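The values are calculated or read from the model by the stated rules, or taken from the named source; none is laboratory data. Keep in mind it's a predicted model, so treat the numbers as computed, not measured. Every residue, glycine among them, receives a Cβ derived from its backbone with ideal geometry; neighbour counts consider all protein chains shown. Side chains included, ligands, DNA and RNA excluded: accessible areas come from the protein's heavy atoms. Shrake-Rupley method; radii C 1.70, N 1.55, O 1.52, S 1.80 Å.
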Amino acid sequence: MSVSLRNVTKVFKDVIAVDNVSLDVKDGEFLTLLGPSGCGKTTTLRIVAGFETPTSGEIFIEDRKVNDIPPYQRNTGMVFQSYALFPHLSVFENIAFGLRLKGFSESEIKDKVRRVVEMLGLAELTSRNPSQLSGGQQQRVALARALVVEPKVLLLDEPLSNLDAKLRMQMRVELRKLQQSLSITSIYVTHDQSEAMSMADRIVVMNEGKVQQVGTPWEIYGKPANRFVADFIGRVNIVDAKIVEMSDESTIIEMLGKEYTIDFTPKGFSIGDEVLVILRPESIEICPPGGGDMDLTVDRRVYLGASVEYYLKDEDLSLMVTEANPQHKGIHSEGEKIGIRFLRDCMHFIRS
């Protein structure tokens, strides 16, 4: 493992910011810490960097315990949300700053800076000051400054949050491609779910200082461990149900006044268990009235170009359904009665 946290806790006065967190980051992995504001993700990153001291627990970087090692000796590179560039220094000097602290010769500094600015497309900008750069260019300079010292671990604290939406999407692709080409272990903090889903090898979902789930984007979205993760990641319908029959190959659940047969057996549950069924909006198909599991009324619709979000109602029931390709399928009207069909193989069960 490149980085390991063992039972790490951080307390600020009476607030537990990080609560008994244990994590292993594999060599060359892109790990994302994801969660709402105040969940402890940035504090966890700063503990790895050495900018915060844990109240208890141990941090290892490449099998070396670093609790008492200062940041500049941990062999990590940090990219901050604000970029933290020196306004009075040129791009070249900003990038070279860490190399000068480490005592590299002038010829070595020029060679290392040249290589990293060429890699990041900054070769024509080295004489400029940060104030003369766009947000995307400043972000690249901050990344170059972190990479030029050839760290074993790259730490990134919401580095794309100050960019506009289109540039942010472009930089996601570029940053991920760069990380993969360098095979550099990276820990990335964000509150943006789509950013985490599109970039990470694995995602750590945090809330109130605790780790809620660790898994691939596929696992986090499709098989959330609890209600918080299901609710926090993407859009979701959460429906009460009860398991009434189980076999090795199938399960019968009672949900919304009807029984449904599911062609799999969820692990860890028994007959009679009250459960919550996780239904993503795209896991419900729209069909003609009377042709599915039930009929509902379109209460509201939101046209998004590539898809339409339908908010369906019937007495006490409310569901959200997403349908792709409205140019081909057409758009249902508000007030219209439509049928829906639950995709059984897309259902996921969690404890109620």
message: Classify the chain from the C-alpha gyration tensor, please: rounded if a/c falls under 1.5, else prolate or oblate depending on whether a/b exceeds b/c.
response: prolate
message: Can you find, among 197, 243, 268, the residue sitting farthest towards the positive end of the charge dipole of the range 195-333, where Lys and Arg contribute +1 and Asp and Glu -1 at Cβ?
response: 197
- request: Please label the shape of the range 61-217 as rounded, prolate or oblate, based on the square roots a ≥ b ≥ c of the eigenvalues of the alpha-carbon gyration tensor (a/c under 1.5 means rounded; beyond that, a/b larger than b/c means prolate, else oblate).
  value: oblate
- prompt: Under a 5 Å amide H to amide H cut-off, with H placed in plane at 1.01 Å, what residues pair with residue 22 once short-range neighbours are removed?
  reply: 7, 8
- request: Find the accessible area per residue for the range 200-241; the probe is 1.4 Å, ligands and nucleic acids are left out, and the unit is Å².
  value: 46 Å²
query: So what J values fall out for the range 103-119 if you push phi through Karplus, 6.51 cos²θ - 1.76 cosθ + 1.60 with θ = phi - 60°, rounded to Hz, Gly and Pro as x?
result: x, 6, 6, 4, 5, 5, 4, 4, 5, 5, 5, 4, 5, 6, 6, 5, 5
- request: Could you pull out the trypsin sites (Lys or Arg not before Pro) across the range 71-132 that fall in loop regions by DSSP (anything but H, G, I, E, B) with no more than 14 other Cβ atoms inside 10 Å?
  value: 102
- prompt: Using the Karplus equation 6.51 cos²θ - 1.76 cosθ + 1.60 (θ = phi - 60°), what ³J(HN,Hα) coupling, rounded to whole Hz, does each residue of the range 190-196 give in order, writing x for Gly and Pro?
  reply: 7, 10, 8, 5, 5, 5, 5
field: Residue-by-residue Karplus 3J(HN,Hα) for the range 7-20, coefficients 6.51, -1.76, 1.60, Hz, glycine and proline x
entry: 6, 7, 10, 10, 10, 9, 6, 9, 9, 8, 7, 10, 10, 6
Exposed-loop-free span, longest in the chain, where GluC sites (Glu not before Pro) count as exposed if DSSP calls them loop and at most 10 other C-beta atoms lie within 10 Å: 1-248
message: Taking the solvent-accessible surface of protein heavy atoms with a 1.4 Å probe, what is the per residue accessible area of the range 256-352 in Å²?
response: 54 Å²
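Averaged per residue, what accessible surface does the range 19-175 expose to a 1.4 Å probe, in Å²?
On the way: 7290 Å² over 157 residues.
On a per-residue basis, the range 19-175 sits at 46 Å².
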- line: In terms of the charge dipole of the chain, which places +1 on Lys and Arg and -1 on Asp and Glu at the beta carbon, the residue among 141, 220, 126 farthest towards the positive end is 126
query: Which distance in Å, rounded to a whole number, links the C-alpha centroids of the range 72-130 and the range 35-65?
result: 25 Å
message: What do you get for the angle between helix 135-147 and the principal long axis of the chain? Use alpha-carbon atoms, 0 to 90 degrees, nearest ten.
response: 70 degrees
- prompt: Can you pull the percent of the chain's accessible area that's carbon plus sulfur, 1.4 Å probe, other chains left in place?
  reply: 48 percent
field: Debye, to nearest 20: dipole size of the range 1-69, +1 on Lys, Arg Cβ, -1 on Asp, Glu Cβ
entry: 180 debye
message: Exceeding 20 Å between C-alpha atoms, which entries from my cross-link table qualify? They are 13/210; 41/210; 223/337; 210/242.
response: 223/337; 210/242
